[in-house]
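Worksheet: one structure, shown below.
The values are calculated or read from the model by the stated rules, or taken from the named source; none is laboratory data. Just so it is clear, the model here is predicted, and its values are computed rather than measured. A quick note on method: Cβ atoms are made from the backbone with ideal geometry, for glycine too, and the neighbour counts reach across all protein chains shown.
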There are 2 protein chains.
Amino acid sequence: MTKPSETIAEIKNQVDDKTLSGQTTLALREAIIKGDIAPGEKLNEPKLAEQFQVSRGPLREAIRRLVAMRLVKHVPHVGATVVTLELKSILELYDVREALEGKAAALAAENMSQQDIEKLRAVLELHRQHSEDNPGQYMQTDGDFDFHYQIIKGSGNQLLTDQLCDELYHLIRMFRFQTSRFKSRSNRALIEHEQLIYAIEQRDPQLAEMLMRKHIARAKTAIKQALSNTEPAYTDLGSV
Amino acid sequence: MTKPSETIAEIKNQVDDKTLSGQTTLALREAIIKGDIAPGEKLNEPKLAEQFQVSRGPLREAIRRLVAMRLVKHVPHVGATVVTLELKSILELYDVREALEGKAAALAAENMSQQDIEKLRAVLELHRQHSEDNPGQYMQTDGDFDFHYQIIKGSGNQLLTDQLCDELYHLIRMFRFQTSRFKSRSNRALIEHEQLIYAIEQRDPQLAEMLMRKHIARAKTAIKQALSNTEPAYTDLGSV
DNA sequence: TAAGTTCTTATTGTCAACAATATATAGATT
DNA sequence: AATCTATATATTGTTGACAATAAGAACTTA
């Protein structure tokens, strides 16, 4: 019994539980990622509890979970605040992604079933089609992560998948939202994804890892260049 | 104002906060790692609250934090249970370590100060001395992780450090405790650590990363061999 | 006797009040 | 006027009681 391909939409709406605590986690998480609660802003428990129509118990549990996702920082007896994504933190995040997703690509080349590889091709094809149909339009970044997600899942490593898809992914989403003014239009990602699939099809873990690492490292470089300028301009962030 | 070198002991006793919730987290964490609460065992909230002399509130927060550390699994409306470290999970953990600590070693080669490198040498020297003074005795595994810890910290990447030292490290500790009957006596780790320092001193990120990855991959292989046998015998687990 | 069903019990989820701590304000002192 | 101190306020930490859900026991039925 194989699971149907899971899209990014399914991940997002992944309702881990129907408990108030779980629902509040989702609501609060989206509020933070979307910037409804600003970076650096304090999370006032009574106010938020009122806002989400729950008591402070579930709200505090939600905050704890967001701390685990690194969207929130917490100091005892002082409170929780939304993280501020400094350039330094983002670059750190991309170094971690490079390491983890690189390994994921290697494992995917070893472990992905032929069927999963076909699914991956389908995702890429959809992606390419969209780019052709909408030339000059910014990439659908979710489609991009769909691709990465399939590879991560294809690694067969549950710990790796949890770390990337459940935790770090939301940090990435938050960063993307904040920098959505830099709309990426490059089709370089498409080419690099194509190369990656080829390496996986060839069952070449080393090549797959190398390609994924370069892919992410390139995005990191683009981010550094784009954000270290005071006037950022519409630079291509590499869409990763 | 530079911080004094932090040993593994300091990490362990790192009292993040004096709150009941924080204290309970530490106590419960140690109870799980030491096996006082068995793998697979259910965490009964009223009983544990009674046992730790706190109400269920702080206890539940502690459980949430241990879920983030992956020491505990939680199902809504059912409860929390201590993780059972299957061979598969351990191998997954070591693949993640290989990726993350490999990158950490590369970054350490780039970023560690000359002074930090000297400290690292001192740790290794202490380690070597202990091995010479107690030939045939099992390695002080804490000393081993002291070495790894220094390198991780030396990477200068806070996210990486948090992931390895605050989260995954406790899983490793739990695994080590459970397999402490396999006392590692090899001095291969010592040799490999020596090579690693050399690479870092030479400011060679690629070599440092390669050496660290091989170091951990070798430990993974040793674990697989030791634990896939029904009668494990006293195999060298590589002490990583 | 075995399978299914209802009822009981135990456990988790949630709430609102209370206690402890930190922040903000106002006043006193140099 | 600026700084330190003491008080007042707001916020976090903690508790025990209540509600909702799931696991287990006893009963019924084939």
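Check whether at least one residue in region A:110-128 is among the hydroxyl-bearing types (Ser, Thr, Tyr), modelled with pLDDT of 95 or more and within 25 Å of A:LEU190 (Cβ to Cβ), and report yes or no. The answer is yes; a qualifying residue exists. Considering only residues in region A:62-88 that are among the β-branched types (Val, Ile, Thr) and surrounded by 18 or more Cβ atoms within 10 Å (Cβ to Cβ), the one that is farthest from DNA strand D (Cβ to nearest atom) turns out to be A:VAL83. Evaluated against (1) in a helix (DSSP H, G or I); (2) modelled with pLDDT under 95, A:SER184 falls short on exactly one condition, (1). Checking each residue in region A:62-94 for being assigned to a strand (DSSP E or B) and of a type in the set (S, T, N, Q) picks out only A:THR81.
For region A:42-100, filtering for residues that are of a type in the set (Phe, Trp, Tyr) and within 12 Å of B:LEU159 (Cα to Cα) leaves 1. Candidates in region A:61-88 are the residues that are hydrophobic (A, V, I, L, M, F, W, C) and free of Cβ contacts under 8 Å to residues at least 40 places away in the same chain; of these, the one that is farthest from the other protein chains (Cβ to nearest Cβ) is A:ALA80. Only one entry in A:GLU61, A:GLU86, A:GLU92 is modelled with pLDDT under 95 and among the acidic types (Asp, Glu), namely A:GLU86. Scanning region B:24-61 for residues that are within 12 Å of DNA strand C (Cβ to nearest atom) and either surrounded by 17 or more Cβ atoms within 10 Å (Cβ to Cβ) or outside any helix (DSSP H, G or I) (or both) returns B:GLU41, B:LYS42, B:LEU43, B:ASN44, B:LEU48, B:ALA49, B:SER55, B:PRO58, B:LEU59, B:ARG60, B:GLU61.
The single condition among (1) exposed (fewer than 12 other Cβ atoms within 10 Å of the Cβ); (2) touching a residue at least 40 places away in the same chain (Cβ under 8 Å) that A:GLU132 does not satisfy is (2). If the condition is being surrounded by fewer than 21 Cβ atoms within 10 Å (Cβ to Cβ) and hydrophobic (A, V, I, L, M, F, W, C), then region B:183-196 contributes B:LEU190, B:ILE191. For region A:226-240, the condition of being modelled with pLDDT of 90 or more, in a helix (DSSP H, G or I) and touching a helix residue (DSSP H, G or I) at 6+ places or on another chain (Cβ under 6 Å) holds for none of the residues.
Whenever a residue of region B:19-30 is assigned by TED's automatic domain parsing to the domain that holds B:VAL67, its partners that are aromatic (Phe, Trp, Tyr) and buried (at least 17 other Cβ atoms within 10 Å of the Cβ), lying with C-beta atoms within less than 9 angstrom and at least six residues away or across chains, give the pairs B:LEU20/B:PHE52; B:GLN23/B:PHE52; B:THR24/B:PHE52; B:ALA27/B:PHE52; B:LEU28/B:PHE52. Does any residue of region A:52-61 turn out to be within 28 Å of B:ARG70 (Cβ to Cβ), small (Gly, Ala, Ser), within 13 Å of DNA strand D (Cβ to nearest atom) and in contact with a Gly (Cβ under 9 Å, 6 or more places away or on another chain)? The answer is yes, given that some residue of region A:52-61 is within 28 Å of B:ARG70 (Cβ to Cβ), small (Gly, Ala, Ser), within 13 Å of DNA strand D (Cβ to nearest atom) and in contact with a Gly (Cβ under 9 Å, 6 or more places away or on another chain).
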